[in-house]
Amino acid sequence: MTRADRADTVPDVERDASGEKLAAVRTLGVGAPVLAFDVGGTDIKSALFDADGTALGLRRTPTPIADGDRTQVLLDRLEVLAAELRAAHPDVVPQAVGLVVPGIVDADAGLGIFASNLGWHDSPLRDLAAERLGLPVAFDHDVRAASWAERRLGAARAYADAVVLVIGTGVAGALLVGGIPYTAGGYAGEIGHSPIADGPICACGARGCLEAVASAGAIARRYREATGIDPDGAKDVIARAAAGDEIAAEIWNSALDALTMSLAQLTAVVAPEAVIIGGGLSRAGGALFDELRTRLAARLSFHRIPALVPAELSGNAGLLGAALRAREVT
């Protein structure tokens with residue numbers, strides 16, 4: 001039995017960790033047909049984009065689990081998904097593959113330098129995927145690719161200098177300078193691991209990272225630790241805060257303060273025209289955006305205050321970015 005024959009054994013994931021369903025993908029416009037994969041720690045988004053830029057066979061499937069380095073099991077899964085997409089749409093012949101992954105990524109060298117939840121160190125993912133799939137592969141960081149999609153198709157279209165911030169289970173970021181992603185060999189944009197306090201200890205091993213205080217995952221965890229009550233995610237904690245729960249209000253207030261501090265630092269150093277905010281926490285709406293605007297203005301003085309703009313491409317920005325990158329290597 002071939003891997004393609006086993007494709008139907010790969011289950012679909014109906015919702016991501018934040019509860020968001022997989023929504024329809026915005027079209028890319030006319031260009032070469034490409035395969036696109038957005039790999040996360042828990043699931044993989046995949047699609048085949050045709051010559052009109054329409055996503056075909058869009059699905060979310062589990063990221064395969066293995067002890068240690070997951071490079072080989074990931075390649076096995078990508079081969080299955082690619083074979084299924086090509087078999088389902090034989091009239092669409094992809095010319096390249098876009099592959100984006102989390103962690104520290106050197107896109108120029110094609111290396112997954114480090115990803116704690118996927119276990120690899122200096123893994124030559126681009127070349128291995130190209131060999132396995134038989135097509136040229138464009139390789140990039142997931143949030144950096146998402147920022148490129150927001151720049152080309154979404155909320156960052158009007159801004160050459162911008163920060164894209166994704167606040168979900170963790171906090172991830174990317175910088176656009178002069179309309180181009182700034183990478184610094186894969187190390188730029190780690191906003192979630194910028195220190196904003198002396199504690200708590202972050203999963204990365206550092207102290208007081210933004211992600212450990214203000215991510216959606218951290219907000220829910222901190223409330224659970226303080227009360228013994230397991231909330232229905234950060235949105236539940238925010239609702240409890242609005243309803244007068246003092247512990248929830250304290251946790252939400254400290255998260256807003258941490259985000260404000262991080263945005264103030266970015267404003268002073270990078271001076272972005274806009275900060276594009278996506279991820280599960282962005283769905284808090286005015287409870288997030290209005291508060292951050294007010295607090296950021298109060299925190300700064302002569303600085304150019306960036307526009308705070310909701311991301312437009314939702315959870316599909318990384319997949320769209322992967323497809324856009326793939327078209328660049330055709």
For region 219-330, what is the per residue volume of the convex hull drawn over the alpha-carbon atoms, in cubic angstrom? 126
For region 158-199, diffusion coefficient by Stokes-Einstein and Kirkwood Rh (Cα), 10 °C, 1.306 mPa s, µm²/s: 142
Per residue, how many Å² of accessible area does region 172-330 show with a 1.4 Å probe? 44
Note the full-extension length gain between residue 72 and residue 21 as 0.36 nm times their separation in residues minus their Cα-Cα distance, in nm to one decimal. 15.6 nm
Stretched fully, the stretch from residue 42 through residue 121 gains (0.36 nm per residue minus C-alpha distance, one decimal, in nm) 26.6 nm
DSSP beta bridges in the chain: the antiparallel percent, rounded to 5, is 60
Please work out the average accessible area per residue across region 28-88, using the 1.4 Å probe convention, and give it in Å². 35
Of all the Cα-Cα pairs you can form in region 60-99, what percent are over 15 Å apart? 50
Residues residue 289 and residue 158, FRET efficiency given R0 of 22 Å [Cβ-Cβ distance, rounded to 0.05]: 0.80
Just subtract the alpha-carbon distance of residue 268 and residue 180 from 0.36 nm times their residue separation and send over the number in nm, one decimal. 29.7 nm
Taking all protein chains as present, what is the carbon and sulfur share of the accessible area of region 142-203, in % to the nearest whole number, probe 1.4 Å? 59
Evaluated at q = 0.13, 0.17, 0.19 Å⁻¹: base-10 log I(q)/I(0), Debye formula over Cα of region 1-157: -0.58, -1.05, -1.35
Helix 286-299: inclination vs the chain longest Cα principal axis, degrees, rounded to 10, gives 60
Where the centre of each part is set by its Cα atoms, how far does region 194-258 sit from region 281-326, in angstrom? 19
Give or take rounding to whole Å, what are the principal axis extents of the alpha carbon atoms in region 143-274, in descending order? 46, 29, 23
When only Cα pairs under 8 Å and 6 or more residues apart are kept, what is the percent relative contact order across the chain? 19
Rounded to a whole number, the Stokes-Einstein D of the chain in µm²/s (Kirkwood radius over Cα pairs; 10 °C; 1.306 mPa s) is 78
Tell me, which longest segment in the chain has none of the chymotrypsin sites (Phe, Trp or Tyr not before Pro) that fall in DSSP loops with at most 14 further Cβ atoms within 10 Å? 1-186
Largest first and rounded to whole Å, the semi-axes √(5λ) derived from the alpha carbon gyration tensor of region 240-303 read 23, 13, 9
What is the magnitude of the charge dipole of the chain about its Cα centre, with +1 placed on the Cβ of each Lys and Arg, -1 on the Cβ of each Asp and Glu, and no other charges, expressed in debye to the nearest 20? 520
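The values are calculated or read from the model by the stated rules, or taken from the named source; none is laboratory data. Bear in mind the structure is a predicted one, so any value in this text is a computation, not a measurement. Reconstructed Cβ throughout: ideal geometry from the backbone, glycine too, with neighbour counts over all protein chains shown. Just so you know, the surface numbers come from the protein's heavy atoms only, side chains and all, with ligands and any DNA or RNA stripped out. Shrake-Rupley method; radii C 1.70, N 1.55, O 1.52, S 1.80 Å.
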